[in-house]
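Structure, as structure tokens:
The values are calculated or read from the model by the stated rules, or taken from the named source; none is laboratory data. Bear in mind that the values here come from a model prediction, so they are computed numbers and not experimental data. All Cβ positions, even for glycine, are placed from backbone atoms using ideal geometry, and neighbour counts span all protein chains on display. For the accessible areas, the whole protein counts, side chains as well, though only heavy atoms, and no ligand, DNA or RNA atoms are used. Shrake-Rupley method; radii C 1.70, N 1.55, O 1.52, S 1.80 Å.
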Amino acid sequence: MVWGGIVGNTFAETTGGSGDRPNILLIIADDQGYGDCSIYPEHAADVKTPKMDEIGKAGAVFTDGYVTAPVCSPSRTGMITGRYQERWNVEAGWRTALPERATTIAEHLRALGYATMMIGKNDFGMHLPSKEDRRYPMNHGYDHLLGFEAHAHDYFLLTSKIEKEANHPHDVSANVGPLDFDRTEKDFPGAYTTDLFTDAAIDFAKTNVAAHKPFFTYLAYNAVHDLVEQTPKKYLDLYGVKPIPLYEPSMGSYLDYYHIYNKLGKVNETDMRKYYLADLACLDENVGRLLGALDQMGIAENTLVVFISDNGGSPNTGGNCRPLRGSKFTTFEGGVRIPFMIKWPGKIKGGQMISEPAMSIDLLPTFVEAAGGTIKPEEEIDGVSLLGRAEGKEDDSLSGRTLYWKFLKQWAIRRGEWKLVVGKQSVHKTVEASWVLGGPDSDKPQLFNLKSDVAEQKDVSQEHPEIVKELTESYKKWEGRHGEWGHGEPGKY
């Protein structure tokens, strides 16, 4: 393995038994659309994700699973804190801070005796954190780290040599070069990030099994984010597309190279979809390799696994959000409804399709409950535990809830079957026709009944002005909380 067993050689082994507490594995895909997971009944016709599907078949699939934002950084901040990030991200924009009082999943679980590791993408938007910043993973609950601080990283080029030659500003959120390794950096020549991150997750599990210690792994792949064309040839061959050239200094700056391939242009829309499917196939195979390793170690029965995407599929990379309207960057369903599955054999019955709305902010209370912990009311968690419903118990906390979204000048609210969407949506114009269905975009409130119109095709705001008024008032009350935990540049509070 490229990873080479480094985890086992450098991690301090801690004695002690795990008891009945499960190991917890959170797998996050990057920009995977709702239509790009084949366990969902209305998935895209060209998609097969058999290994991801195993998670849902062995547990529960949330058909109405959501994230808190239609782009990476704020979505991930909400996910790890169990709170709407608008509490401190007043502009509801791309970059987010991480206040001290926003206790993370990793901090909760480490306090409960878990070994913790973050693998892959740690993204808080532009202005990347220093290793002393609260946003750096080692400063918000992780014992160990292998990953990067950016919205994107080259899949193949992972050495300090290429970083020095790339004429690339350090504080740019699309990186090339070595990976963060605990509090330093490490080269991984010849490695490929998707494979490398899987190797690390397997080794971390082995280390803690040997130490009889429960573990929490936050495994955030950069697949299927751009540059999706950077996929091993054996997967590209499945879809009949050719490898793109890897970056070389003779091409100019790395950022110039990145911008050639992170959007449609040099690659057409048809081929971009094929590159995306190839990258997804690689990711699916790695998910299967990881699940197989849990079986081989004899810990699959006592490991709680969640698979989720950080936002909807991107129009830049060929993702598919059908049958939903919109994509990443919008507060239509396609931007915020995502693949979302959970399994815990022996606790969660397999083969469930749960239609009550679930959200990424629910993961923190779910994991804490599974680990035997409790959350104090003063922590002001916005999420609710999913365990009761997933275990088949009566639970009204999901069915009666209201969900909120704000991204820049767009906002939305869902209550029951009703969803109100307001604000001109941020749509990538070159592929607008294939991504945004329904009528013309508008700044006016649009009301949809998701029970009869999941694709948000028919605006019924004129027929139901009382519901528009009710939802608008509820949203405005929620929006009034923005900034209650402070406001400022990332890292200042």
Checked the range 126-178 for anything open to solvent by 20 Å² or more (accessible area, probe 1.4 Å), under 20 Å from residue 218 (Cβ atoms) and basic (Lys, Arg); matches are 131, 134
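Is it true that residue 147 is under 30 Å from residue 357 (Cα atoms), part of a strand (DSSP E or B) and not basic (Lys, Arg)?
no
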Looking at 107, 42, 91, 54, which is the one that is open to solvent by 10 Å² or more (accessible area, probe 1.4 Å) and under 23 Å from residue 410 (Cα atoms)? 91
Restricting to the range 103-128, what's the tally of residues that are part of a loop (DSSP other than H, G, I, E, B) and over 18 Å from residue 30 (Cα atoms)? 7
Criterion (touching a residue at least 40 places away in the same chain (Cβ under 8 Å), out of contact with any strand residue (DSSP E or B) (no Cβ under 6 Å at 6 or more places or on another chain) and not aromatic (Phe, Trp, Tyr)) met by exactly one of 350, 388: 350
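Only residues that are farther than 18 Å from residue 321 by Cβ and within 17 Å of the chain's Cα centre (by Cα): list them for the range 42-52, please.
Within the range 42-52, no residue meets the criteria.
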Restricting to the range 352-374, what's the tally of residues that are open to solvent by 60 Å² or more (accessible area, probe 1.4 Å) and out of contact with any helix residue (DSSP H, G or I) (no Cβ under 8 Å at 6 or more places or on another chain)? 3
Filter the range 150-199 down to residues that are more than 23 Å from residue 139 (Cβ to Cβ), among the charged types (D, E, K, R) and within 24 Å of the chain's Cα centre (by Cα), then give me how many there are. 3
Odd one out for residue 349, checked against (1) outside any loop (DSSP other than H, G, I, E, B); (2) open to solvent by 60 Å² or more (accessible area, probe 1.4 Å); (3) in contact with a Gly (Cβ under 7 Å, 6 or more places away or on another chain): (1)
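Return a yes/no flag: does the range 150-167 have any residue that is touching a Lys or Arg at 6+ places or on another chain (Cβ under 6 Å) and of a type outside the set (Lys, Arg).
Filtering the range 150-167 for residues touching a Lys or Arg at 6+ places or on another chain (Cβ under 6 Å) gives none.
No.
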Please determine, by comparing only the residues of the range 235-249 that are in a helix (DSSP H, G or I) and within 27 Å of residue 166 (Cβ to Cβ), which one is most open to solvent (accessible area, probe 1.4 Å). 249
Which pairs have Cβ atoms under 7 Å, sit 6 or more apart or on different chains, and link a residue in the range 53-66 that is closer than 8 Å to residue 342 by Cβ to one that is among the basic types (Lys, Arg) and not in a helix (DSSP H, G or I)? 55/343; 59/343
Okay, helices (runs of 4 or more DSSP H) sitting entirely in the range 250-345 with 2 or more residues that are more than 22 Å from the chain's Cα centre (by Cα) and surrounded by fewer than 22 Cβ atoms within 10 Å (Cβ to Cβ), I get 254-261, 269-297
For the range 460-492, which positions are modelled with pLDDT under 95 and open to solvent by 60 Å² or more (accessible area, probe 1.4 Å)? 480, 481, 484, 487, 489, 492
Pick out the one residue from 198, 193 that is in contact with a His (Cβ under 9 Å, 6 or more places away or on another chain) and among the β-branched types (Val, Ile, Thr). 193
Selection within the range 375-389 - modelled with pLDDT under 95 and either open to solvent by less than 20 Å² (accessible area, probe 1.4 Å) or among the polar types (S, T, N, Q) (or both): 388
